[in-house]
Amino acid sequence: MSINEKFQKQLNDQVIAEHQAALVYTQLAYELDRLSFPGMRDWMFAQAAEERTHAQRFASHLLDRDARVDVETIEMPTIKISTPLDAFEAALEHEKKVSAMIRDLVRTADEVDDIDSRSLLNAFLSEQIEEEATVSEIIDRIKLAGNEGAGLLRIDSELGER
């Protein structure tokens, strides 16, 4: 089953972006561990695992269509945080980047009439709405807690139960 060359390149770029997202979440987990927020750390590690699963779903789609998966260099953005709020704001910005890439994939799939990718892309459109909403909610809760230790520790505990 052939796949349009332009679309194949974009799907490969998405595989790389999902692996990059996993690395971003892993780095954020390390940073939160450094700040002594083990629940938030574990939440970020769980997100990293989910991103690797996303990468595999895109790669499997390519392979199922007899296309090559090319994981090239994965560039890692510099991540320096001082607070849990910084970490979740960085996560949200990265999720927004991934969401934009998926919307571009949908546009290209439509342009090249690739209906075979529609179910995969629709699932990821829904997934990204959920991802952004979840991280935004955590940001809102952290802002409500402010620098109040008990509130942050409660959020940390809840996120660790994921």
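Worth a mention:
- Tilt relative to the chain, helix 5-34 - C-alpha long axis, 0 to 90 degrees, to 10: 10 degrees
- Relative contact order of the chain, taken over Cα pairs closer than 8 Å and 6 or more residues apart, is 31 percent.
- Accessible area of the chain belonging to carbon and sulfur atoms, whole % at 1.4 Å probe: 49 percent
- Using 0.36 nm per residue and subtracting the Cα-Cα separation, the extra length available between Thr83 and Glu137 on full extension is 17.8 nm.
- Counting only protein heavy atoms and a 1.4 Å probe, the range 85-133 has 49 square angstrom of accessible area per residue.
- Diffusion coefficient of the range 12-94 by Stokes-Einstein, Kirkwood radius over Cα pairs, 10 °C, 1.306 mPa s: 119 µm²/s.
- Ignoring lysines fewer than eight residues from Lys6 along the same chain, the ones with Cα atoms less than 23 angstrom from its Cα are Lys96, Lys97.
- Cα-only Debye scattering, the range 85-146: base-10 log of I(q)/I(0) at q = 0.12, 0.24, 0.26 Å⁻¹: -0.37, -0.90, -0.99
- All C-alpha pair distances within the chain, sorted into 5 Å bins from zero, spread as 2, 9, 18, 20, 16, 12, 9, 7, 4, 2, 1, 0 percent across the bins.
The values are calculated or read from the model by the stated rules, or taken from the named source; none is laboratory data. Keep in mind it's a predicted model, so treat the numbers as computed, not measured. Protein only, heavy atoms only, side chains kept; ligands, DNA and RNA dropped before computing areas. Shrake-Rupley method; radii C 1.70, N 1.55, O 1.52, S 1.80 Å.
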